Amino acid sequence: MAMRINHRLPLPEGLKEQYPLSDAVREAKRARDGQIRDIFTGKSDKFIVLVGPCSADNEDSVCEYVCRLARVAEEVADKIMVIPRVYTNKPRTTGDGYKGMLHQPEPDKAPDLLAGIIAIRKMHIRVMEETGLSSADEMLYPENRSYLDDVLSYEAIGARSVENQQHRLTASGMDIPVGMKNPTSGDLSVMLNSVTAAQHPHHFIYRGYDVKTDGNDLAHTILRGGVDKYGKNIPNYHYEDLARLAEMYADRNLKNPAVIVDVNHANSDKQFREQIRIVSEVMHSRNYNPDLKRLVKGVMIESYLVEGRQDICENLVYGQSITDPCLGWEDTKRLILDIAEKC
């Protein structure tokens, strides 16, 4: 038989009872969710900075990173809403390689998804307990979000998942912002179709239940660049790209038009230090055109304690990415302060 059962996974309700949120953490998240909603609905003009490691691979280093981030967030709180990226699922283009803490709580050991589900819930809760910042993750597996739906304040649907029906319908039942990335082809209409689907109510099967959703008015777009037919990365963060997206939004009857610009991936050609320049250009475009200032709600940045990346080995550098290369901490801090000055 080609498929074997390793573990029977706990129900989300059982895991939440085993690893519950405190009243203080629950209230802090409720307040942050309200502030983030106000940004996407236009009630607040704060700028969102989604920032953190490409993949959250180690609880201690991730929590140290977010603790540093929280101190910077306090300095810029009048202008910026900082949302830490605590990404525990890692999509792989070919299916090979490290797939995130959900799969491998310890990167150098064999996959263990039962231990992984426990590890990612504990890490997200620890981040909130130590920093007061609720975080973002990627919805790689729609049914798994039930293990984290009480701790996350933002979710992204990746370039390889954005056309998937289950992702779109699940997003329609969420009450937090969900960002739809453009597919790897770069086709913006696919991304907007996904937003349209997520904003509408649906009736479908979810975790063995017949469910009905109300639609998610905070579903929005994420520009991450695309790839042409020869595999060459093509950016889509330039002024013309943002203006074209604004026109496409205007042609559709969508609620709360918004875009987050992912300044890494195909937009930077995975040249991680280019993120600094790209952020500057996005801020300039936003300040030049009032329509774009309303549309562009934030940026997504990949950053960790130590810049660059490393392969998985016996002596891992603490706080350095084991997937895509990231900005280091000092560059990240300067970049966030610079964004605040340009808001």
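The values are calculated or read from the model by the stated rules, or taken from the named source; none is laboratory data. Everything numeric here is computed off the predicted structure, so don't read it as measured data. Virtual Cβ from ideal backbone geometry, glycine too; neighbours counted across all protein chains shown.
Across the range 191-221, the number of residues qualifying as surrounded by fewer than 16 Cβ atoms within 10 Å (Cβ to Cβ) and assigned to a strand (DSSP E or B) comes to 6.
The rows are residues; the columns are (1) part of a helix (DSSP H, G or I); (2) modelled with pLDDT of 95 or more.
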{"position": "Asp269", "(1), (2)": "no, no"}
{"position": "Phe272", "(1), (2)": "no, yes"}
{"position": "Glu281", "(1), (2)": "yes, yes"}
{"position": "Ser285", "(1), (2)": "yes, yes"}
{"position": "Asp291", "(1), (2)": "yes, yes"}
{"position": "Arg294", "(1), (2)": "yes, yes"}
{"position": "Lys297", "(1), (2)": "no, yes"}
{"position": "Glu302", "(1), (2)": "no, yes"}
{"position": "Gly308", "(1), (2)": "no, yes"}
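For beta carbons closer than 8 Å, sequence separation of 6+ or different chains, a first residue in the range 68-88 that is within 13 Å of His124 (Cβ to Cβ) and a second that is of a type in the set (Ser, Thr, Tyr) and assigned to a strand (DSSP E or B), the qualifying pairs are Ile83/Ser135; Ile83/Ser153; Ile83/Tyr154; Pro84/Ser135; Arg85/Ser135; Val86/Ser135. Residues that are among the polar types (S, T, N, Q) and either crowded, with 23+ Cβ neighbours inside 10 Å or under 15 Å from the mean Cα position of the chain (by Cα) (or both) within the range 81-130 comprise Thr88, Asn89, listed in sequence order.
Take the conditions within 20 Å of Lys46 (Cβ to Cβ), touching a Pro at 6+ places or on another chain (Cβ under 8 Å) and of a type outside the set (Asp, Glu) and apply them to Leu295. Does it pass? Give the derivation first.
Details: within 20 Å of Lys46 (Cβ to Cβ): yes; touching a Pro at 6+ places or on another chain (Cβ under 8 Å): yes; of a type outside the set (Asp, Glu): yes.
Spelling it out, Leu295 is indeed within 20 Å of Lys46 (Cβ to Cβ), touching a Pro at 6+ places or on another chain (Cβ under 8 Å) and of a type outside the set (Asp, Glu).
Of everything in the range 303-343 that is touching a helix residue (DSSP H, G or I) at 6+ places or on another chain (Cβ under 9 Å) and of a type in the set (A, V, I, L, M), the residue that is surrounded by the most Cβ atoms within 10 Å (Cβ to Cβ) is Leu327. Of Lys109, Lys122, all but one fail to be among the basic types (Lys, Arg) and part of a loop (DSSP other than H, G, I, E, B); the exception is Lys109. Checking each residue in the range 215-244 for being closer than 20 Å to Ile48 by Cα and in contact with a Ser or Thr (Cβ under 7 Å, 6 or more places away or on another chain) picks out Asn216, Tyr239, Leu242.
Can you tell me which of Asp45, Asp60 is part of a loop (DSSP other than H, G, I, E, B) and either surrounded by 12 or more Cβ atoms within 10 Å (Cβ to Cβ) or not hydroxyl-bearing (Ser, Thr, Tyr) (or both)? Only one candidate passes the filter, namely Asp45. Only one of Gly225, Gly208, Gly215 is at pLDDT below 95 and small (Gly, Ala, Ser); which? Criteria check complete, one pass: Gly208.
Number of residues in the range 222-236 that are of a type outside the set (S, T, N, Q) and either in contact with a helix residue (DSSP H, G or I) (Cβ under 7 Å, 6 or more places away or on another chain) or surrounded by 14 or more Cβ atoms within 10 Å (Cβ to Cβ) (or both) equals 8.
Does Leu254 satisfy the criteria of being touching a Ser or Thr at 6+ places or on another chain (Cβ under 7 Å), more than 30 Å from Asp324 (Cα to Cα) and hydrophobic (A, V, I, L, M, F, W, C)?
Numbers: touching a Ser or Thr at 6+ places or on another chain (Cβ under 7 Å): yes; more than 30 Å from Asp324 (Cα to Cα): yes; hydrophobic (A, V, I, L, M, F, W, C): yes.
Yes, satisfied.
Scanning the range 216-232 for residues being under 20 Å from Met248 (Cβ atoms) and either touching a Pro at 6+ places or on another chain (Cβ under 7 Å) or among the hydroxyl-bearing types (Ser, Thr, Tyr) (or both) gives a total of 4.
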